[in-house]
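Student: Dropping the structure in here first, questions after.
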Amino acid sequence: MKKYLSVIVVAGISLLGLSCRVGTSGTWVNDHIEPEIKSQVELLNKQLYDDIKRQNLTDLKQILSPELIKGAGKSLDSVINQVGPALQTTGSGYMTIDSYYVKNTTTNISNTVMPAISGTDDYTVSYLALNKEMYVSLLKTTGTVNSMLIIAIYGKHGDDWKLNILQMGEYEVIGKNAPGYYKDALKLYNTGDLIDAADMIIIAGQIGSPGGTYFKYKNESEMKDLYSKILKEANTSYKFPITVSQVKTNPVIFGVSPQFIGEKGKEGIYPSINYKTNINLADTTALRKENDALQKNIAGIFKGIVTNNNHILYQAFDQLPGLGKKMNRFGFAQKIK
C-alpha cells in the first residue's frame with residue numbers, strides 16, 4: 001500500500017490582533033527550569049497528548065484557557081478529529097524536544113524563545129504572552145514513520161497553568177526535518193543532480209512550517225532561496241514534456257515529483273516519473289516492455305537519478321494533463337539497488 005506525503009497544519013489561536021505592550025522577560029530552558037514547574041507542565045502535556053489521541057474534547061477543554069476555547073471555536077472539534085486518529089498507531093507516543101519557562105514583567109508582550117545551544121536545526125518560537133508566566137513545550141510524536149510537531153504554549157492563570165496556544169504540523173518525514181532535506185538538496189545541487197535536488201527541496205518546503213506562524217527555522221530564507229533557485233534551473237535544463245525518442249513507442253515524460261512510500265521495509269522518498277504512453281493501458285504486456293526500455297534509458301535523461309536512488313517509480317498515463325479529461329494510469333517500480 002502506498003502512502004503519499006501529506007502535510008497537516010492545524011492552527012490553534014492567533015493572538016496577533018491583541019495590543020502589544022513594552023516589557024522585559026527572563027527565560028529558563030530545559031534542565032534549568034524549576035523542577036516543580038516543569039513537572040506540572042509535563043503532566044499537562046501528557047493529558048494534552050492523551051486527550052487528542054482519544055479525541056476527548058471534554059477532558060481537553062479542562063486544560064485550555066478561555067482565550068483558546070473562544071478563539072478556536074468549533075474548529076477545535078475538527079482539529080482533534082483530524083489529528084487524533086493519526087496518533088493511534090501502535091507504539092506511538094511523544095517526546096519533548098525543548099521546554100521554555102518565561103517570566104514577564106507585564107502581560108501582552110512579545111516573547112521569542114530559541115535553543116540555548118546552536119545547531120543545524122535552529123529555530124525560534126514567537127508569540128504574544130497573555131500572562132506574566134509562560135511555558136512553551138515543543139513535543140514530537142514518536143513511533144511512526146513520520147512525526148508531528150506539537151507546540152503547546154501555556155500561561156499561568158492564577159494558580160493554574162492553562163493552554164493558550166496549540167499548533168500542530170508535520171515535522172519529520174522518515175526521521176528527517178526540513179533543514180535535513182535542505183542539506184540533502186544542497187549537496188545534490190552542488191553535484192548537478194537537479195532532478196533529485198528538486199525532489200529534496202520540495203519535501204523541505206512541504207514540512208518547512210510545522211508550527212505555522214509561531215515557529216520559524218533560522219535558515220528559512222536560505223531554504224526558500226534554494227527552493228526557487230533549484231526549481232528555476234531544473235525547469236530551464238529540462239524542457240517538459242520530453243519525448244523519449246530512444247524508446248520506439250515515444251513515451252512523453254511530462255513531470256517528475258517526489259513520492260513518499262510508508263510501507264514497512266520500503267519507506268522512502270522516491271522520484272516518480274510521470275509519462276504519457278501511446279499504448280492502451282489494458283495491454284499490460286506492451287506497457288511493461290515499453291517501461292523496461294524507458295528504465296534502461298532513464299539515466300541518460302536525468303543526471304544522477306539512478307545513482308542517487310534505490311528505487312524509481314513510474315506512472316504511465318493515457319493522456320497529458322490539462323486536457324480536461326480523466327487521466328487513467330498504470331504504475332511500475334524500478335529497483336536499482
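The values are calculated or read from the model by the stated rules, or taken from the named source; none is laboratory data. Here the structure is a predicted model, which is why all the values come from computation and not from measurement. So basically every Cβ, Gly included, is an ideal-geometry build from the backbone, and we count neighbours across all protein chains shown. Accessible surface is based on the protein model in full, side chains and every heavy atom, while ligands, DNA and RNA are left aside. Shrake-Rupley method; radii C 1.70, N 1.55, O 1.52, S 1.80 Å.
Student: Could you check the stretch 28-71 and list, in sequence order, the residues that are aliphatic (A, V, I, L, M) and more than 22 Å from THR112 (Cβ to Cβ)? Before the answer, list the steps.
Tutor: The first filter runs over the stretch 28-71 and keeps only residues aliphatic (A, V, I, L, M), leaving 29, 33, 37, 41, 43-44, 48, 52, 57, 60, 63-64, 68-69.
If the condition is that a residue be aliphatic (A, V, I, L, M) and more than 22 Å from THR112 (Cβ to Cβ), then LEU43, LEU44, LEU48, ILE52, LEU57, LEU60, ILE63, LEU64, ILE69 are the ones that fit.
Student: Please verify whether the stretch 293-302 includes one or more residues that are of a type in the set (Lys, Arg), open to solvent by 20 Å² or more (accessible area, probe 1.4 Å) and either at pLDDT below 95 or more than 21 Å from ASP184 (Cα to Cα) (or both). Lay out the reasoning, then the answer.
Tutor: First, the residues of the stretch 293-302 that are of a type in the set (Lys, Arg): 296.
Checking which are open to solvent by 20 Å² or more (accessible area, probe 1.4 Å) leaves us with 296.
Adding the requirement that they be either at pLDDT below 95 or more than 21 Å from ASP184 (Cα to Cα) (or both) leaves 296.
Yes: the stretch 293-302 contains one or more residues that are of a type in the set (Lys, Arg), open to solvent by 20 Å² or more (accessible area, probe 1.4 Å) and either at pLDDT below 95 or more than 21 Å from ASP184 (Cα to Cα) (or both).
Student: Residues that are among the aromatic types (Phe, Trp, Tyr): which strands (runs of 3 or more DSSP E) entirely in the stretch 19-135 hold 2 or more of them?
Tutor: Working: elements: 25-29, 93-104, 109-113, 123-129.
Answer list for the stretch 19-135: 93-104, 123-129.
Student: Here's another thing I want to ask about it. Any residue in the stretch 238-262 that is free of Cβ contacts under 8 Å to residues at least 24 places away in the same chain sitting within a Cβ distance under 9 Å of a residue that is open to solvent by less than 40 Å² (accessible area, probe 1.4 Å) and in a loop (DSSP other than H, G, I, E, B)? List the pairs, counting only those 6 or more apart or interchain.
Tutor: Close Cβ pairs (under 9 Å, with a partner that is open to solvent by less than 40 Å² (accessible area, probe 1.4 Å) and in a loop (DSSP other than H, G, I, E, B)) amount to THR243/PRO251.
Student: What number of residues within the stretch 285-337 satisfy the criterion of being in a helix (DSSP H, G or I) and either in contact with a strand residue (DSSP E or B) (Cβ under 9 Å, 6 or more places away or on another chain) or not hydroxyl-bearing (Ser, Thr, Tyr) (or both)? Before you say what the answer is, go through the steps one by one.
Tutor: Keep residues of the stretch 285-337 that are in a helix (DSSP H, G or I), which gives 285-301.
Next, from what is left, pick out any that are either in contact with a strand residue (DSSP E or B) (Cβ under 9 Å, 6 or more places away or on another chain) or not hydroxyl-bearing (Ser, Thr, Tyr) (or both): 286-301.
Total satisfying the criteria: 16.
Student: Mind telling me which of the residues THR112, THR96, THR141 ends up being modelled with pLDDT of 95 or more and open to solvent by less than 20 Å² (accessible area, probe 1.4 Å)? Give the derivation first.
Tutor: Numbers: THR112 fails: open to solvent by less than 20 Å² (accessible area, probe 1.4 Å); THR96 fails: open to solvent by less than 20 Å² (accessible area, probe 1.4 Å).
Among THR112, THR96, THR141, only THR141 is modelled with pLDDT of 95 or more and open to solvent by less than 20 Å² (accessible area, probe 1.4 Å).
Student: Right, next: Consider TYR135 carefully, then state whether it is within 15 Å of the chain's Cα centre (by Cα) and open to solvent by less than 40 Å² (accessible area, probe 1.4 Å). Spell out the reasoning first.
Tutor: Values: within 15 Å of the chain's Cα centre (by Cα): no; open to solvent by less than 40 Å² (accessible area, probe 1.4 Å): yes.
No.
Student: Could you pull out the residue among ALA198, ALA234 that is in a helix (DSSP H, G or I), of a type in the set (A, V, I, L, M) and surrounded by fewer than 22 Cβ atoms within 10 Å (Cβ to Cβ)? Write out each step before concluding.
Tutor: Numbers: ALA198 fails: surrounded by fewer than 22 Cβ atoms within 10 Å (Cβ to Cβ).
Every option except ALA234 fails the conditions.
Student: Exactly one condition in (1) farther than 19 Å from GLN259 by Cα; (2) in contact (Cβ under 8 Å) with a residue 40 or more places away in the chain; (3) in contact with a strand residue (DSSP E or B) (Cβ under 9 Å, 6 or more places away or on another chain) is false for ASN146; which is it?
Tutor: With respect to (1) farther than 19 Å from GLN259 by Cα; (2) in contact (Cβ under 8 Å) with a residue 40 or more places away in the chain; (3) in contact with a strand residue (DSSP E or B) (Cβ under 9 Å, 6 or more places away or on another chain), ASN146 is out only on (1).
Student: Looking for whichever is of a type in the set (Ser, Thr, Tyr), out of contact with any helix residue (DSSP H, G or I) (no Cβ under 7 Å at 6 or more places or on another chain), surrounded by 12 or more Cβ atoms within 10 Å (Cβ to Cβ) and under 26 Å from THR144 (Cβ atoms) here; the options are THR120, THR106, THR89. Which one fits? Talk me through it step by step, then tell me what you get.
Tutor: Working: THR120 fails: out of contact with any helix residue (DSSP H, G or I) (no Cβ under 7 Å at 6 or more places or on another chain); THR106 fails: under 26 Å from THR144 (Cβ atoms).
Answer to the check: THR89.
Student: Another question about this same structure. Please count how many residues of the stretch 263-306 are over 26 Å from the mean Cα position of the chain (by Cα) and touching a residue at least 40 places away in the same chain (Cβ under 8 Å).
Tutor: Here the count works out to 16.
Student: Of the residues LEU68, LEU64, only one is under 14 Å from ILE153 (Cα atoms), touching a Leu at 6+ places or on another chain (Cβ under 7 Å) and either open to solvent by 50 Å² or more (accessible area, probe 1.4 Å) or at pLDDT below 95 (or both); which?
Tutor: Details: LEU64 fails: either open to solvent by 50 Å² or more (accessible area, probe 1.4 Å) or at pLDDT below 95 (or both).
Just a single option satisfies the conditions, and that option is LEU68.
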